[in-house]
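Report on the structure given below.
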Amino acid sequence: NHALVVRDADVHKGPFRSFAGHDLDGDGCNEVIAGEPNRGPDRAGGLLVLRGGTDFFTGGPREERIAAPDAVRGFGTGIVAATDPRDGRTVLAVGAVLGTEASGTRGHVVLLDHDLRVRRTITGARWMDWFGYSLDGALEDGVLRLAVGACGIARAPDDSGRAYLIELPVSELDASTEPIDIDADESRRFVRAFVDAPASAGIGQGELCGFHVALLPSGWAVAAPRADRGGIDAGCVWIGAAGEERAAQGAANGESLGFGMATWRGGGRTLVLMGAPFAGVRPGYSAGAVRALEASH
């Protein structure tokens, strides 16, 4: 049994922060990495890192605060760590969704090494789309696979949302310091798949496509919890191999399938768990439901 370890984080109001646990220094103990997307001038953001160790609970964790790199805002909104099992290299992907004037208010995903040095940034989607709001990643055979959601989250004039499946050779992290514009002609070779939603008529009426994303062994999954394909705001989750995604649709009006999403792996199987928090047995009741769908390998 151990005493609870509490550390303050600079959150205030949105965008929301993310957490990750990962052994960055290879000592067998995970670091705790928390996003502070509203820290600093103009909500530039940052990371709070608690260094893991055998004395984490007895001697107290070593605390570091990592500042946001230049020209990004909202740094720390989404966090995912990926390690290549072949050589042990780790890449940390961190969402910085608010964008800057220089980026046309388009968000960024910042790529860092295990020592938290910035290697490269990726920008994409439209202005105020919150590119990097949701993230999942894996590093295999020298290729960084990233699923990135840009859901708009009722902030953009058109909050229909979109998501990207990106495959980036790690050699690109050392090729240049310039941001990769994933929508530019010269960078489209890195986009393995793309999902978006029909344009919405106004703020708060879009599908929020990209609200959650997840990598799967043979593809990916993208949640759009306000999609109307199965009924008004029934929600849907796009699942499948790149370019062959199919929609798992909400069963009734207003249940918001995909408002929560996670994956479970074990025994050679992968399940996508999809939350429908407003599903009920009859109108006026919101018992909620979790639906599971097995992803093909």
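The values are calculated or read from the model by the stated rules, or taken from the named source; none is laboratory data. No experiment lies behind these values; they were computed from the predicted model shown. In this analysis, Cβ positions are derived from the backbone assuming ideal geometry, glycine residues included, and neighbour counts consider all displayed protein chains. Just so you know, the surface numbers come from the protein's heavy atoms only, side chains and all, with ligands and any DNA or RNA stripped out. Shrake-Rupley method; radii C 1.70, N 1.55, O 1.52, S 1.80 Å.
For every residue, the table says whether it meets (1) surrounded by fewer than 23 Cβ atoms within 10 Å (Cβ to Cβ); (2) modelled with pLDDT under 90.
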{"residue": "G52", "(1), (2)": "yes, yes"}
{"residue": "D55", "(1), (2)": "yes, yes"}
{"residue": "T58", "(1), (2)": "yes, yes"}
{"residue": "T77", "(1), (2)": "no, no"}
{"residue": "A81", "(1), (2)": "yes, no"}
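Based on what the data block shows, is N38 open to solvent by 10 Å² or more (accessible area, probe 1.4 Å) and within 24 Å of F211 (Cβ to Cβ)? Against the criterion (open to solvent by 10 Å² or more (accessible area, probe 1.4 Å) and within 24 Å of F211 (Cβ to Cβ)), N38 qualifies. Could you tell me whether the range 23-33 includes any residue that is outside any loop (DSSP other than H, G, I, E, B), in contact (Cβ under 8 Å) with a residue 24 or more places away in the chain and open to solvent by less than 40 Å² (accessible area, probe 1.4 Å)? Checking the range 23-33: at least one residue is outside any loop (DSSP other than H, G, I, E, B), in contact (Cβ under 8 Å) with a residue 24 or more places away in the chain and open to solvent by less than 40 Å² (accessible area, probe 1.4 Å). Just one of the listed residues (I122, I180) is in contact with a His (Cβ under 8 Å, 6 or more places away or on another chain) and within 19 Å of A93 (Cα to Cα), and it is I122. Considering the range 267-293 alone, what residues qualify as being open to solvent by less than 90 Å² (accessible area, probe 1.4 Å) and either at pLDDT below 90 or in a loop (DSSP other than H, G, I, E, B) (or both)? Across the range 267-293, the qualifying residues are G267, G268, P277, A279, G280, G284, S286, A287, G288. Taking the condition open to solvent by 50 Å² or more (accessible area, probe 1.4 Å), charged (D, E, K, R), at positive phi and not in a strand (DSSP E or B), does D228 pass? No. Scanning the range 93-104 turns up no residue that is surrounded by 13 or more Cβ atoms within 10 Å (Cβ to Cβ), over 25 Å from H212 (Cβ atoms), among the hydrophobic types (A, V, I, L, M, F, W, C) and at pLDDT 90 or above.
Residues that are within 19 Å of V32 (Cα to Cα) and in contact with a strand residue (DSSP E or B) (Cβ under 8 Å, 6 or more places away or on another chain) number at least 3 in the following strands (runs of 3 or more DSSP E) confined to the range 70-177: 75-83, 90-96, 108-113, 134-140. Could you tell me whether the range 194-213 includes any residue that is open to solvent by 70 Å² or more (accessible area, probe 1.4 Å), within 27 Å of D70 (Cβ to Cβ) and not in a strand (DSSP E or B)? No, the range 194-213 contains no residue that is open to solvent by 70 Å² or more (accessible area, probe 1.4 Å), within 27 Å of D70 (Cβ to Cβ) and not in a strand (DSSP E or B).
Does the range 132-152 contain at least one residue that is modelled with pLDDT of 95 or more, more than 13 Å from the chain's Cα centre (by Cα) and of a type in the set (S, T, N, Q)? The answer is no, given that none of the residues of the range 132-152 is modelled with pLDDT of 95 or more, more than 13 Å from the chain's Cα centre (by Cα) and of a type in the set (S, T, N, Q). Scan the range 239-261 for residues that are open to solvent by 50 Å² or more (accessible area, probe 1.4 Å) and either touching a residue at least 40 places away in the same chain (Cβ under 8 Å) or assigned to a strand (DSSP E or B) (or both) and the total you get is 4.
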